[in-house]
């Protein structure tokens, strides 16, 4: 009888412990702040830092339950964060500035700069008459997706470099056919991110010596590039969650910079069609050309140079013939950034 009672008591205690553990697990799950995050493109090399932050639990360590979805460009990201229930994403800050100019009621703001140097490029082929001289662009045919952020900056780039584009032809092509059309010689050049268009052409067998990449930032464009954008409602209601989100993303970039190959492995788990060598090249290009600039190495990633940003807005306002110049404080805030010493990136 005593053994039966002891066994029953033991089972009762075990059940109680299990129940408490279950309640604690539920409580912990409930404590996680839900965040829907939108990439601006597919799971490819440049998105590796975000995959790393997921894989290593950096978001969860900040009390965040983050889900990340792919998108087809910055316009879709801004629509999602502004209206479709996404708390945050990565998008071109110039596209955000244009959106705020056209629709001042847009409830989105950039909270951390990712691309200190934009990836905007015109990628062409020497065999089609394109060279490093901008005059070679005259009278050429371009694949120019209307939703592409690089093409969106063409009026600004054209103004800065005094280019007469009256003899040029711009074809609104879809993203999936942009590089194939250039590879087949149906257009002379395309607008896009260098990490996308250059690598796609190369992977399609176009000889490297035939590919010309004109980075807009090498030709007078002061603009920044991609940034982490957040819903203003989310920022107002969950400021600590925004800070935690940015801390986790910084950690993802720090790890990706130290171990690009390992970071790309996290991408491959999310993209069955991706090839490691191709995505590794994309990631390294993005880090070298867009993220780890001399300014970022000195100041840490995420912030901006106010004077340069003002020049960029001046160029944009003039090139796009705005009635009023967008204001920096309406576009970007550094209020949620970690301290500068925590944003240093080492390789």
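The values are calculated or read from the model by the stated rules, or taken from the named source; none is laboratory data. Computed from a predicted model, the values in this text were never measured in an experiment. Ideal geometry is used to build each Cβ from the backbone, glycine not excepted, and the neighbour counts take in all protein chains shown.
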Verdict on residue 258 being under 19 Å from residue 56 (Cβ atoms) and surrounded by fewer than 17 Cβ atoms within 10 Å (Cβ to Cβ)
yes
Enumerated strands (runs of 3 or more DSSP E) restricted to segment 71-149, each holding at least 3 residues that are free of Cβ contacts under 8 Å to residues at least 60 places away in the same chain and within 30 Å of residue 207 (Cα to Cα)
141-143
Go through the residues of segment 189-198 one by one and say whether even a single one is free of Cβ contacts under 8 Å to residues at least 12 places away in the same chain and touching a helix residue (DSSP H, G or I) at 6+ places or on another chain (Cβ under 9 Å).
no
Give me a count of the residues in segment 58-81 that are closer than 12 Å to residue 231 by Cβ and in contact with a helix residue (DSSP H, G or I) (Cβ under 8 Å, 6 or more places away or on another chain).
1
Which one is surrounded by the fewest Cβ atoms within 10 Å (Cβ to Cβ), of the residues in segment 215-230 that are in contact (Cβ under 8 Å) with a residue 60 or more places away in the chain and part of a helix (DSSP H, G or I)?
219
All but one of (1) under 19 Å from the mean Cα position of the chain (by Cα); (2) in contact (Cβ under 8 Å) with a residue 60 or more places away in the chain; (3) under 21 Å from residue 120 (Cα atoms) hold for residue 264, so report the exception by its number.
(3)
Criterion (closer than 30 Å to residue 235 by Cα and touching a strand residue (DSSP E or B) at 6+ places or on another chain (Cβ under 8 Å)) met by exactly one of 189, 121, 111:
111
Can you tell me which residues in segment 267-293 are in a helix (DSSP H, G or I) and more than 16 Å from the chain's Cα centre (by Cα)?
268, 276, 277, 278, 280, 281
List the number of the failed condition for residue 158; all other conditions in (1) more than 22 Å from the chain's Cα centre (by Cα); (2) in a loop (DSSP other than H, G, I, E, B); (3) surrounded by fewer than 19 Cβ atoms within 10 Å (Cβ to Cβ) hold.
(2)
Could you tell me whether segment 110-124 includes any residue that is surrounded by 15 or more Cβ atoms within 10 Å (Cβ to Cβ), over 22 Å from the mean Cα position of the chain (by Cα) and either farther than 19 Å from residue 208 by Cα or not assigned by TED's automatic domain parsing to the domain that holds residue 324 (or both)?
yes
Please determine, by comparing only the residues of segment 63-108 that are out of contact with any strand residue (DSSP E or B) (no Cβ under 8 Å at 6 or more places or on another chain) and buried (at least 24 other Cβ atoms within 10 Å of the Cβ), which one is farthest from residue 328 (Cα to Cα).
94
Tell me, please, whether a residue that is under 24 Å from residue 57 (Cβ atoms), in contact (Cβ under 8 Å) with a residue 40 or more places away in the chain and in a helix (DSSP H, G or I) can be found in segment 294-305.
no
Against the definition (more than 19 Å from residue 318 (Cβ to Cβ) and within 20 Å of the chain's Cα centre (by Cα)), how does residue 180 come out, yes or no?
no
